[in-house]
Amino acid sequence: MNISATKTDLKLDDYLDLLNLAVSIGDEKWQKEIVRKLSYTYPSSKLVSNK
């Protein structure tokens, strides 16, 4: 794994951690913001593996 892939993984992981936090505190507005940002930053074609 190269360094740029590692940075991308960490960024995605950070977003998912924030989404979990937003869900746990019941902040629906924040959840929608995070999901919108994830959808823009990581389109489904990048998240789904064809293996």
Return the pairs, sorted by first residue and then second, in which the second residue is surrounded by 13 or more Cβ atoms within 10 Å (Cβ to Cβ), the first residue lies in the stretch 34-45 and is of a type in the set (A, V, I, L, M), the beta carbons are less than 8 Å apart, and the residues are 6+ apart or on different chains.
I34/Y15; I34/L18; I34/L19; I34/A22; V35/L19; L38/L12; L38/Y15; L38/L19
With the checklist (1) assigned to a helix (DSSP H, G or I); (2) modelled with pLDDT under 90 in hand, flag the one item W30 doesn't pass.
(2)
In the stretch 9-27, which residue that is part of a helix (DSSP H, G or I) and small (G, A, S) is surrounded by the fewest Cβ atoms within 10 Å (Cβ to Cβ)?
S24
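The values are calculated or read from the model by the stated rules, or taken from the named source; none is laboratory data. As the structure is a prediction and not an experimental result, all values here were calculated from the model. Every residue, glycine among them, receives a Cβ derived from its backbone with ideal geometry; neighbour counts consider all protein chains shown.
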